[in-house]
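To start, the structure itself, in structure tokens.
Just so it is clear, none of the values below were taken in a lab; they were calculated from the coordinates. From a predicted model like this one, the values you see are computed outputs, not experimental measurements. Cβ atoms come from the backbone with ideal geometry, glycine included; neighbour counts cover every protein chain shown.
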Amino acid sequence: MTLLLALVVLAGLTAVSALFLWNLRLFRRAAPVSPHMPAVSILIPARDEAGEIEGAVRAACAQTAPDLEVIVLDDGSTDGTGAILSRLLRELPRLRVEAGVPLPPGWAGKAWACWQLARDHARHPWVLFVDCDVRLAPDAAARPLAEARARKVDFLSGFPRQMLGSPGEALLVPLMYLVLLSYLPLALIRSVKLPSLSAGCGQFMLARRAPYLEAGGHSAVPRTLHDGIMLARRMKSAGFDVGVFDAWDIARCRMYAGFRACWRGFSRNAYEALGSPLALGAMIAVNGAFFVLPFLAAPWALAAAGLSPTAVVWAAAVALALGLRALVAVRFSAPMWTLVATPVAVALLIGLQLHSFANHCTGRPVVWRARAYPGTAPSRRT
């Protein structure tokens, strides 16, 4: 029985490894800049971003794309963000600053800010949503535009290079690449119309404005705290083509500063990304079986029976799991020491997914940017 389990896990890891390698080939970087680029509006929602806003705005305004505007929506900031933007307005002719309308009931702050930016303020046929903690390279607007037009997609989301400033970040943040490339067949995002076969990163989202508005944009997912995935699903369900690409060389971001911030940040939307208890259970099962169990079973089998067939199979599973983690580390610049911490990192991922699900079930509010968003447990509603 133990040997059979080991063989099943090894077979599953082999299949996942094959999918990962195929996806790695498809997860390409944006095309070179092409002539006759369409106009684009870079849209930056900002709430209490005094420490980030200047760097984000200067990088956005320094784009090589010739026909471009940068619009920042100040969403009720109280920390000096507004004063910084007022100063930048005098320096940067491409910049516009708009004051946000107060948050209405039933909306998440970022979704409401993005909807105002795209619906009310953008003037150009393409819109690029960028978070305040993202720093763009000079061609970060032009190249994704060329890529989207070459692929003939209406929504294209890029995954920026993730800057890792602490061991906690190095443990958790690169797992998003491991999960994305191990379980989602990227080749099917375009060819299969099922909305659940979608992916996206809310840090960097490019869309044609007309299809975005036709699909309802952020107004179709007003409460979302994971707009990268949910907006991609919405665009796809409305009949538009979507895609993802590797934005490692044109955008960088430090998503969270430290382990505690990672835990809070990922926990607020981990369950929303999965969408159902069934998907959560499946994700926990496969992650536990592929990236935790072999590291426990291999030394146990070796100690119990020496170099037995069971121990060899478990060791092979460990080698495959480490190989996948090594590919993530090399391709996406994660520290190599994270390889030996693979089971710890994945166990933490399972823990934060369960924590996110518990918040969902109990209706515990999610607090983000000094705003509390109500939970979703129906029995607790009045």
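Debye-formula intensities of the stretch 1-151, expressed as log10 I(q)/I(0) at q = 0.09 Å⁻¹, are -0.41 (one equal scatterer per alpha-carbon, no solvent). Counted by neighbouring Cβ atoms within 10 Å, the residues His36, His218 run from fewest to most as His36, His218.
Computed with the Debye formula from one identical point scatterer per Cα of the stretch 26-256, without solvent, the log10 of I(q)/I(0) at q = 0.16, 0.17 Å⁻¹ comes to -1.14, -1.30. Beta bridges per DSSP, both residues in the stretch 26-256: antiparallel share near 30 percent.
Put in order of Cβ neighbour count within 10 Å, fewest first, the listed residues Asp139, Asp79 become Asp79, Asp139. The listed peptides 300-308, 113-121, ordered by packing as a protection proxy, come out as 113-121, 300-308 (highest mean of other Cβ atoms within 10 Å first).
Springs join every pair of Cα atoms under 10 Å in this Gaussian network model of the chain, and among Arg151, Arg143, Arg47 the largest mean-square fluctuation is at Arg151. Helix-only arithmetic for the chain: the sum of -39500 (n - 2.57) across DSSP H runs with n ≥ 4, divided by the residue total, places the mean residue ellipticity at 222 nm at -15500 deg cm²/dmol. Please work out, to two decimal places, the log10 of the ratio I(q)/I(0) at q = 0.11, 0.17, 0.19, 0.20 Å⁻¹ from a Debye calculation in which every Cα of the stretch 198-306 carries one identical scatterer. Those come out to -0.52, -0.98, -1.11, -1.17, one per q. For Lys193, give me every one of the lysines with a C-alpha distance below 24 angstrom, ignoring sequence neighbours fewer than eight places off in its own chain. Of all the lysines, those that pass the test against Lys193 - Cα under 24 Å, at least 8 places apart if same chain - are Lys152, Lys236.
Shape descriptor for the stretch 273-382: Rg over Rh equals 1.13 (Cα atoms; Rh from the Kirkwood inverse mean 1/r). Dimensions of the stretch 160-262 based on its C-alpha atoms, expressed as ranges along the principal axes with the largest first, amount to 42, 27, 25 Å. Were the residues from Asp67 through Ala303 laid out at 0.36 nm apart, the gain over their Cα-Cα distance would be 78.3 nm.
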